[in-house]
Amino acid sequence: MTDAAPRLSATVLLLRDAPDLQVLMVKRHYQIDFAAGALVFPGGKTNEEDASDAWDALSDGDYEGKARIARVAALREAFEESGIILARPASARGEGAALVGVDIADRLAPFREAVDRREKSFVELVKEHDLVLALDTLVHFGHWITPDMMPKRFDTHFYLAPTPPQQLATHDGRETTDAVWLSPQLALDMEASGEATIIFPTKMNLGKLAEAQSVPTAINRFRDGNVVTVLPVVGKDQNGKPCLHIPAEAGYLQTIEPLEKVENVAKR
């Protein structure tokens, strides 16, 4: 067992209809030391700037504390890893107002790597371009905490978000090597056939998302849902083999996963 405390993290499932429901997934770089080469949703650890009081004036949505920090991180990571920016013009802000399009995304694109490397302040970038982050577009979808025995632990919030029309997703070339739009079921089929590596929490959230057929149905179905925190615990399956157990009330398609499979993916 490790004494590592879980780091607050955030992940965003960017959605589109083309014409059926698709979710953006990025492939982790093969030199990354955790789940290298895996298909994941854009996301990562929060940083100190995500907690800045400046977001009071630079974001839409009534959120405080960790709820706001995680949402800011989700949108920052989406920008860094995919180039998608969920924001509104400061002059036309407010819940339900239109999000910026490809013109603003293209204007911000040259700053992606600098923001990722902490050479450019994300706060200042948003301010300089007269934007506000659309935190209110995020639907809280899942909350997973890495098991105690793992060497790296994360306290991760998963969010759904419709992708602004015409904005294009591209991988960053540093942490990710590809960006692909997949139906949730196709991604699951790729994992089952060995065509793709997908870690346990990602797989479970794909299965949950696959219950919806379109972006509107996904947003409406999960907007007011009760998110149950999942902290997998080590146990045994009916055959006595080590596995991870997750609570049935979390609403996922399965409640156990072989421990060997989880550890093998994490080591890649």
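For the range 11-31, the condition holds for no residue, the condition being that it is among the charged types (D, E, K, R), within 11 Å of the chain's Cα centre (by Cα), closer than 30 Å to residue 195 by Cβ and at pLDDT 95 or above. Taking interchain pairs and intrachain pairs at least six residues apart, which have beta carbon atoms under 6 angstrom, with the first residue in the range 109-126 and closer than 19 Å to residue 169 by Cβ and modelled with pLDDT under 95 and the second open to solvent by less than 50 Å² (accessible area, probe 1.4 Å) and assigned to a helix (DSSP H, G or I)? Final answer for the pair search is 112/80; 116/80. For the range 218-256, the set of residues classified as farther than 15 Å from residue 142 by Cβ and touching a residue at least 40 places away in the same chain (Cβ under 8 Å) consists of 233, 234, 244, listed by residue number.
Considering only residues in the range 87-98 that are touching a strand residue (DSSP E or B) at 6+ places or on another chain (Cβ under 8 Å) and open to solvent by 50 Å² or more (accessible area, probe 1.4 Å), the one that is nearest to residue 62 (Cα to Cα) turns out to be 95.
Give all pairs with beta carbons closer than 7 Å in which a residue from the range 43-59 that is touching a residue at least 24 places away in the same chain (Cβ under 8 Å) and of a type outside the set (Phe, Trp, Tyr) meets a residue that is open to solvent by 50 Å² or more (accessible area, probe 1.4 Å) and outside any loop (DSSP other than H, G, I, E, B); count only pairs at least 6 apart in sequence or on separate chains. Within 7 Å, the pairs are 45/7; 58/127. Number of residues in the range 61-83 that are more than 17 Å from residue 114 (Cβ to Cβ), touching a helix residue (DSSP H, G or I) at 6+ places or on another chain (Cβ under 7 Å) and surrounded by fewer than 24 Cβ atoms within 10 Å (Cβ to Cβ): the value is 4.
The values are calculated or read from the model by the stated rules, or taken from the named source; none is laboratory data. Every value quoted in this text rests on a predicted model; they were computed, and no experiment measured them. When we count neighbours, we look across all protein chains shown, and the Cβ atoms used for this are built from the backbone with ideal geometry, even at glycine. Calculation scope for accessible area: heavy atoms of the full protein, side chains included, ligands and nucleic acids excluded. Shrake-Rupley method; radii C 1.70, N 1.55, O 1.52, S 1.80 Å.
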